[in-house]
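Here's the structure, in structure tokens; my notes come after.
The values are calculated or read from the model by the stated rules, or taken from the named source; none is laboratory data. If you're wondering where the values come from, they're calculated on a predicted model, not measured in any experiment. Neighbour counts run over all protein chains shown; Cβ positions are idealised from the backbone, glycine included. Areas reflect the complete protein model, heavy atoms only, side chains present, ligands, DNA and RNA absent. Shrake-Rupley method; radii C 1.70, N 1.55, O 1.52, S 1.80 Å.
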Amino acid sequence: MKVLKFGGTSVGTSKSLQYVKSIVESQTEPCIVTVSALGGITNRLIECSGRASNADPSFHDIISEIRTRHSDVIESVVPPTLSDRCKDAVKVLIDELELVCNAVALLRELTPRSQDLIVSYGERMSCLIVSAMIENSVLCDSLDFIRTRQVYGKSVLDSETTSALIQEKFKPLAGHKCVIVPGFIARDNEEHISNLGRGGSDYTAAILAAELKATVLEIWTDVDGFMTADPRIVPDASVIDNLSFVEAMELCNFGAKVVYPPTIYPVFSANIPILIKNTFNAEAKGTLIAENKSGRGVVGVSAIAKTCLISLVGAPAEWSARMINSLTRNGVETLMPNNKCQCGIHASDSARTMEILNGKFAEELASGIVRIELTSDLSTIAIIGSATEQMPDNAAEQFASALNCQGIPVAYAPCKASTGAVACMVPSSFLNQSLNAIHSSFII
Ligand code: ADP
Ligand code: ASP
Ligand code: MG
């Protein structure tokens, strides 16, 4: 059994859905097909919830647009015999979405729970369309088996409950050739709708692949494979034929959006290979992520666009561990912590970081011995070394000089960021130029 996952661009239009149909229907072994929302819909739902919370009536325009887009797609890809039923089922969901948004607009309040409910409609609608379009398929709803729990205000997978529920729900489906599953969406332990985070459909597919012992997890997207850099930013980027799990994990942790970072761990533990394939060019070989060796000094470059630098100015070096531990223990991921009381953080964690550090160093801050300095609008750029070959000894110097040659200012000098990565921080306005400079220096 295989698990195939199709992302937003793959299920974005009637034309791309035809590619999906032919890929799925040509499979010779049974498969589970995980689908994202139609491309761009999750962003529109977030926009819609924001407008509703401001009681801006134009949220209705977004709902109309979503209604029309789904109805047009159904019209062109779903067989006429199933089209009315599919339209009705999607209509029920959009009507419900409109009711929820009306409630948000009346209350002028958007809670994390209502936000999660609103974004869930994307995958709940797309899976209805895909299952009506694929012959002989059955639908199995992730809301019935992916469970999350709250940790430091974030939804994380409740692995144990999920694992038991997957076994229970999929046992009766064993004889089916194709099971369609919505990605991303989940329920929390109070049965409210939650999700696995932006890009989380990859993770849904990986959880299923690991739990049901698939032969392979295929991630079908809009590029020919995992590339040496994001091709939208670095035109010279090329496809990497093979990556080890560890290399892929490092590239994804440092922002390679092609796979959502938590995806790799479940399949890595179960030793199930991942194949990255292009829905629009199925002939291309793609990238195999497995336990093989890529054997290149630097396998690729990645970037996290929105990061900040946090410094505890005036603090002695010995306080570094205290600072970093207080953040990591409270669920804030630190990037490149050094022993000078400095580290990078994701921009989305900045308010929480300030809150934690203000609490932890309250006395020292009040007495004026130290102050917290937060530098925003920075991007973190990383080079990822091969898991089998040493990163070049002078990688940090070469990194700095590649940026320096182009006059790119550095907010945090290149340094070892993990076992296999060297990273630095630059002002976000230099992100694209920096990635190209680093890519030419290390890859080409
Ligand atoms: P999907 O909708 O299929 O989930 P995503 O947009 O999440 O697709 O991921 C695919 C995109 O990831 C590509 O279009 C590409 O711009 C981007 N990307 C970032 N880094 C890389 C990389 N190293 N290799 C390939 N694509 C990358
Ligand atoms: N639709 C969700 C998102 O846009 C999940 C996914 O596409 O993987 O983030
Ligand atoms: Mg994605």
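Yes or no, residue by residue, for (1) without any contact (Cβ under 8 Å) to a residue 24 or more places away in the chain; (2) within 16 Å of His192 (Cα to Cα); (3) not hydrophobic (A, V, I, L, M, F, W, C):
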{"residue": "Val90", "(1), (2), (3)": "no, no, no"}
{"residue": "Asp95", "(1), (2), (3)": "yes, no, yes"}
{"residue": "Arg113", "(1), (2), (3)": "no, yes, yes"}
{"residue": "Asp116", "(1), (2), (3)": "no, yes, yes"}
{"residue": "Val119", "(1), (2), (3)": "no, yes, no"}
Only residues that are among the hydroxyl-bearing types (Ser, Thr, Tyr) and not in a loop (DSSP other than H, G, I, E, B): list them for region 192-232, please. Ser194, Ser201, Tyr203, Thr204, Thr221
Would you say Gly153 is out of contact with any Asp or Glu (no Cβ under 9 Å at 6 or more places or on another chain) and open to solvent by less than 50 Å² (accessible area, probe 1.4 Å)? no
Within region 333-345, residues aliphatic (A, V, I, L, M) and free of Cβ contacts under 8 Å to residues at least 60 places away in the same chain come out as Ile345
Among the residues in region 88-100, are any in contact with a Cys (Cβ under 9 Å, 6 or more places away or on another chain) and farther than 23 Å from Glu190 by Cα? no
Could you tell me which numbered condition Leu217 fails, if it satisfies all but one of (1) aliphatic (A, V, I, L, M); (2) more than 16 Å from ligand 3 (Cβ to nearest atom); (3) closer than 20 Å to Thr34 by Cβ? (2)
Report whether or not Ile185 is of a type in the set (Val, Ile, Thr), buried (at least 24 other Cβ atoms within 10 Å of the Cβ) and away from ligand 2 (no atom under 14 Å from the Cβ). no
Filtered residue count, region 233-252, keeping only those that are open to solvent by 40 Å² or more (accessible area, probe 1.4 Å) and either within 15 Å of ligand 2 (Cβ to nearest atom) or assigned to a helix (DSSP H, G or I) (or both): 2
Just give me the residues in region 1-31 being open to solvent by 10 Å² or more (accessible area, probe 1.4 Å), within 16 Å of ligand 2 (Cβ to nearest atom) and assigned to a strand (DSSP E or B), in sequence order. Lys5
Hey, which of the helices (runs of 4 or more DSSP H) in region 346-419, taking only ones fully inside, have at least 3 residues that are free of Cβ contacts under 8 Å to residues at least 60 places away in the same chain and within 19 Å of Val299 (Cβ to Cβ)? 395-405
Condition met for Gly255 (at positive phi, within 16 Å of ligand 2 (Cβ to nearest atom) and either surrounded by 15 or more Cβ atoms within 10 Å (Cβ to Cβ) or of a type in the set (Val, Ile, Thr) (or both)): yes
Would you please name the residue that is most open to solvent (accessible area, probe 1.4 Å), looking only at residues in region 280-321 that are without any contact (Cβ under 8 Å) to a residue 60 or more places away in the chain and in a loop (DSSP other than H, G, I, E, B)? Glu283
Can you confirm whether Val332 is of a type outside the set (S, T, N, Q) and part of a loop (DSSP other than H, G, I, E, B)? yes
